[in-house]
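Step one of this worksheet: look at the structure below.
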Amino acid sequence: MTQNSPNSTVPPAAKNPETKVATRLRNLLIVLAAIALSVSIFLGLQTQTPSSSLTDMAKASTPLETALINGKPTLMEFYANWCGSCQAMANDLSEIKQKYAEPMNFVMLNVDNDKWLPEITKYRVDGIPHFVYLNDKGSPVAETMGEMPRSIMEANLEALIAGKPLPHVQAGGQVSNFTPPTGPVKTSSSDPRAHGSQVQ
């Protein structure tokens, strides 16, 4: 029997030990990179403000109708759940709302809700977050738009509560563009979600 015959029982040549070490090192690096990526994604998701917190804050806010007649100054915010700038300010605004809950109203109006179209038009909302400061009689005294530091927001609220001119009415930061609809959204009569459509 020759060594090259198919029935040969000679074991194949052993792998080069340097190749084994390099393969193990490469695999170890891949595992470490995967672990680091998983941890960074997990921590990144934990530090983001979910859009549901904006919804929760809106549910807990003062209804607009109440804020206009209860004799307290009001901060009215136009927002949307998809707005990155709104989400970026959510934690600070939540803390500010807790701090000033007694002397002020906080109203949140979602620009994606057609119900607020008259207010969107009245205050010329074309970028969000858009803040309207109302005095204790429900009249607008100032507006700001975009992300802003907590200190500027608090300085404006302190002045609003005291009935003084707001120090940072020209303040503005990064905004999310928003184009208000020109009228109510029309639904097709064949759409099963179109409630109240008449049978023809």
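The values are calculated or read from the model by the stated rules, or taken from the named source; none is laboratory data. What you are looking at is a predicted structure, and each value in this text was computed from that prediction instead of being measured. Cβ atoms come from the backbone with ideal geometry, glycine included; neighbour counts cover every protein chain shown. For accessibility, only protein heavy atoms count, side chains too; no ligands or nucleic acids. Shrake-Rupley method; radii C 1.70, N 1.55, O 1.52, S 1.80 Å.
3J(HN,Hα) along the range 123-138: 9, 6, 6, 10, x, 10, x, 10, 10, 10, 9, 10, 6, 5, 9, x Hz, from the Karplus curve 6.51 cos²θ - 1.76 cosθ + 1.60 with θ = phi - 60°, whole Hz, x for Gly and Pro.
List the pairs from 72/164; 59/122; 72/115; 72/99; 59/97 whose alpha-carbon separation is above 19 Å, in the order I gave them.
59/122; 72/115
Note on residue 99 and residue 18: the extension gain reaches 22.7 nm, defined as 0.36 nm multiplied by sequence separation minus the Cα-Cα distance. Projecting label points 7 angstrom from Cα along Cα→Cβ for residue 59 and residue 81 puts them 1.1 nm apart. Taking 141, 169 and ordering them by how much accessible surface each has at a 1.4 Å probe, largest first, produces 141, 169.
Could you give the length gained by full extension between residue 29 and residue 91, i.e. 0.36 nm per residue of separation minus their alpha carbon distance, to one decimal place?
18.6 nm
Taking the DSSP beta bridges in the range 53-154 as the whole, what percent of them are antiparallel, to the nearest 5? Percent antiparallel among DSSP bridges in the range 53-154 is about 60. Using the Cβ-Cβ distance between residue 42 and residue 164 with R0 set to 30 Å, the FRET efficiency from 1/(1 + (r/R0)^6) comes to roughly 0.05.
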